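Read the structure below first, then the notes.
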């Protein structure tokens with residue numbers, strides 16, 4: 001059901017039809033599939049097949065995030081970071097990014113690094129920022145290498161070594 005809905009959303013092997021896609025995705029969400037809940041959140045955030053409603057998007061992201069979806073945790077974190085559908089709250093945003101980052105979600109790792117570098121939502125910690133930027137860069141995030149390299153200018157050799165050690169020791173958690 002979820003895959004059929006995504007096919008309609010993308011127009012993959014069927015004509016693109018957000019309304020029909022949403023119908024299928026809702027069926028999958030009713031069955032408890034968190035990927036479907038995230039898709040419904042995206043539909044509301046982008047106004048695809050439904051009127052754009054950021055608060056409704058947050059509701060669906062939160063459902064999926066509570067089931068351990070790293071993608072939904074990242075999307076929910078971004079909503080809190082930008083104040084989209086919820087009041088802006090860096091701490092709640094970073095809490096969601098951390099849950100996803102610990103599962104190996106590349107985008108969440110990058111944004112958690114940003115939080116640690118700036119001290120927004122989490123205490124400022126260059127070593128932790130370096131760790132998350134390094135992991136995100138290794139996984140191919142486009143902006144992470146520049147962020148990591150910029151951070152090097154603010155760190156001591158010992159801090160860099162500790163950041164590298166933490167990144168090397170990292171093991172993604174299973175959801």
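Where a number appears in this text, it was derived from the coordinates with a stated rule and is not lab data. Quick caveat, the model's predicted, so the values are computed rather than measured. Every residue, glycine as well, gets a Cβ built from its backbone with ideal geometry; the counts of neighbours run over all protein chains shown.
Peptides 145-151, 156-162 ranked from most to least packed give 145-151, 156-162, packing being the mean of other C-beta atoms within 10 angstrom over each peptide's residues.
State whether segment 1-65 is rounded, prolate or oblate according to the following rule on the C-alpha gyration tensor (a ≥ b ≥ c being the square roots of its eigenvalues): a/c under 1.5 gives rounded; otherwise a/b larger than b/c gives prolate, and the remaining case gives oblate. Oblate shape, in that a/c is at least 1.5 and b/c is the bigger or equal ratio. Normalised by the number of residues in segment 1-81, the mean separation of alpha-carbon contacts (under 8 Å, six or more apart) gives a relative contact order of 21 percent. Computed from Cα positions, the angle between helix 34-46 and the longest principal axis of the chain comes to roughly 90 degrees. A full extension of the chain between residue 118 and residue 157 corresponds to an added length of 12.0 nm, given 0.36 nm per residue minus the alpha carbon distance. Would you work out if segment 57-105 is rounded, prolate or oblate? Take a ≥ b ≥ c from the square roots of the eigenvalues of the alpha-carbon gyration tensor; rounded if a/c is under 1.5, else prolate when a/b is larger than b/c, oblate otherwise. Oblate.
Packing order of peptides 99-108, 71-80, 23-32, highest average first: 71-80, 99-108, 23-32 (average count of other Cβ atoms within 10 Å over each peptide's residues).
Per 0.36 nm of contour for each residue apart, how much would the distance between residue 14 and residue 174 grow if the chain were fully extended, relative to their Cα-Cα spacing?
54.2 nm
With the cut-off at 1.5 for a/c, could you classify the chain from its C-alpha gyration tensor as rounded, prolate or oblate? It is prolate, given that a/c is not under 1.5 and a/b is the larger ratio.
Expressed as a rounded percentage, what relative contact order does the chain have, with Cα pairs under 8 Å and six or more residues apart?
Relative contact order of the chain: 12 percent.
I need the calculated FRET efficiency for the pair residue 23 and residue 46, taking r as the beta carbon distance and R₀ as 22 Å, to the nearest 0.05. That pair, residue 23 with residue 46, gives E of 0.85. Within segment 101-124, what residues put their amide N at less than 11 Å from the label point 7 Å along the Cα-to-Cβ vector of residue 164? Backbone N within reach: none found.
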